[in-house]
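Here is the structure we will look at.
No lab work stands behind these numbers, since they all come straight from the coordinates. Bear in mind that the values here come from a model prediction, so they are computed numbers and not experimental data. A quick note on method: Cβ atoms are made from the backbone with ideal geometry, for glycine too, and the neighbour counts reach across all protein chains shown.
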Amino acid sequence: MAEGIGKMSKGYASHANMKLIAALIAVGLLICGMAVALAQVPKTQIYDAKTRTWVSYDNKKARKYYAANGQVPEAFRRQAVTFRTAEKPGTIIIDGNQHFLYLVKGGGQAVRYGIGVGRDGFGWAGIVRVGRVAEWPTWTPPAEMVARDPNALKFAGGMPGGPDNPLGARALYLYDGDQDTIYRIHGTPEPWSIGLNVSSGCIRMNNEDIVDLHSQIDVGAKVIVLMQGASLYKGV
């Protein structure tokens, strides 16, 4: 797949889910040594060069790492990688298990970004498209979130864009045909959360990365979301 992804996969279960593999082949994504878990979306692990071992990476460790370094671990920083796929340049491919988003550039190359994904019970997979984009978007929590989260109630009418807005600096709104899926790829005022399973289903990026991605994406761009253990969304 991309350089390093085979190594990242070693921290996860080694059984293959044939149904998902068939879906990956159908969208033209070539898997190179990636292990696929059968049950829950795996928790994050990162490689500790000092101990030469894979260690768990949770909310507490993420906050501590960011406080000490001012950035996320190297694996989740924006970088150019080798990436083989039949998808055309401009396509977004999201590997939710590994917490990576790939922007296909062509010529066997892609830009890889670290992302935060849905926490347990909020993961999803599917093939959608970018229906619209926004700079410093207004955040309007869906009715389902307002119903389960009292803190969201005060923003039921919408929270204006700004540095404290949960959608961050930019948002790509994901559509199934002409219908808004309610899922977004967006920035975050919590950059330490990149690499974790933390959201209500949206894909979050640090603000610098979502600004970079937004500048290269066209409305209508294809978005392929892969996440083992998640509910399947229409398209896969």
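What to note about this one:
- For the pair residue 109 and residue 54, label points projected 7 Å from Cα toward Cβ lie 3.0 nm apart.
- Listed peptides 180-186, 140-146 by packing density, highest first (mean Cβ within 10 Å): 180-186, 140-146
- Protection proxy ranking of 57-68, 96-107 - average other beta-carbon atoms within 10 Å, highest first: 96-107, 57-68
- For segment 41-80, fraction of C-alpha pairs farther apart than 16 Å, in %: 39 percent
- With only the Cα atoms considered, segment 139-229 has a convex hull volume of 126 Å³ per residue.
- Annotation: amide H of residue 221 within the under-5 Å range of 130, sequence separation 5 or more or interchain, hydrogens built in the peptide plane.
- For segment 109-170 and segment 67-99, distance of Cα centres in Å: 19 Å
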